[in-house]
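Reading through the C-alpha cells given below for one structure.
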Amino acid sequence: MSEAIRDRAARADRPDPREGPDQRWSGLLGEPGLPERRIATAGPDETARLGALLAGRAAAGDVLCLWGDLGAGKTVFASGFGAGLGVSETITSPTFVLMAEYAGRLPLFHLDLYRLADETDAFESGLIDDRQAAGVTLIEWPDRMASTLPTRRLDVVIESEDDDVRRITLRAGATDLVRYLDAVA
C-alpha cells in the first residue's frame, strides 16, 4: 500500500504544467516556498490509505487543513486519517453538527466549516477551544477561518483530476510538520 503511494509521490513531485494547488486559495495557503509534497491517488480507497499513513505521524496539537471542492475527497481522507489513529467509529462529514470528536490514539476533532460565513462564526460557535491541543484537528473548508488560521499547520489540498484520480498537495507550515511529508518520501 504505502509503496504504491510512495511511487505515485515520486511521480507527482515532478514539475506539473499546472500552477499547483488551486489558485483560489493562494492567499490563504501557507507561504510560497514552504516544504511540500505532491501525491496522486487512484480512487477513494487509496486516498483513505494516504490519510491512515499520515495519521501515523500525528502528534498532539497538530492542525490539518483540508482544502478542496465538494466531492474532492476531504471526508474520505479524514476517514482514513481517523482509522490510522485507531478511531473505530465511522467518520462522516460533520456538516450539520460542525464538529465531531472521536477517541483514538490521540483525540480527533473533525470540523466542517462549510455552513459558516467567516472566522467570527467559528469562534462564536465554540468550535475552536483548548481541548484541541491534546489531539489532532482536521478542518474542512478552512477558508472560512481566513486570516485566523494557525500558521503551524499542514495544508492538504485535494484536487480532482477525474472521477477517481486525486492530486493531493501536502504543505508543511512548520519545520516539525515535515514529518508528514517524510511519510510519503
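From the list Leu113, Leu177, Leu154, which residue is within 18 Å of the chain's Cα centre (by Cα), at pLDDT below 90 and crowded, with 16+ Cβ neighbours inside 10 Å?
None of the others qualify; the one that does is Leu113.
Selection over segment 135-180 of residues that are touching a Lys or Arg at 6+ places or on another chain (Cβ under 7 Å), outside any strand (DSSP E or B) and small (Gly, Ala, Ser) gives a count of 2. Counting residues in segment 122-134 that are modelled with pLDDT under 90, in a strand (DSSP E or B) and touching a Leu at 6+ places or on another chain (Cβ under 9 Å) gives zero. Whenever a residue of segment 139-160 is over 23 Å from Arg57 (Cα atoms), its partners that are aliphatic (A, V, I, L, M), lying with C-beta atoms within less than 6 angstrom and at least six residues away or across chains, give the pairs Asp143/Leu28; Arg144/Leu113; Arg144/Leu116; Met145/Ala122; Ser160/Ala72.
The values are calculated or read from the model by the stated rules, or taken from the named source; none is laboratory data. What you see is a predicted model, and the numbers here were worked out from it, not measured in a lab. Ideal geometry is used to build each Cβ from the backbone, glycine not excepted, and the neighbour counts take in all protein chains shown.
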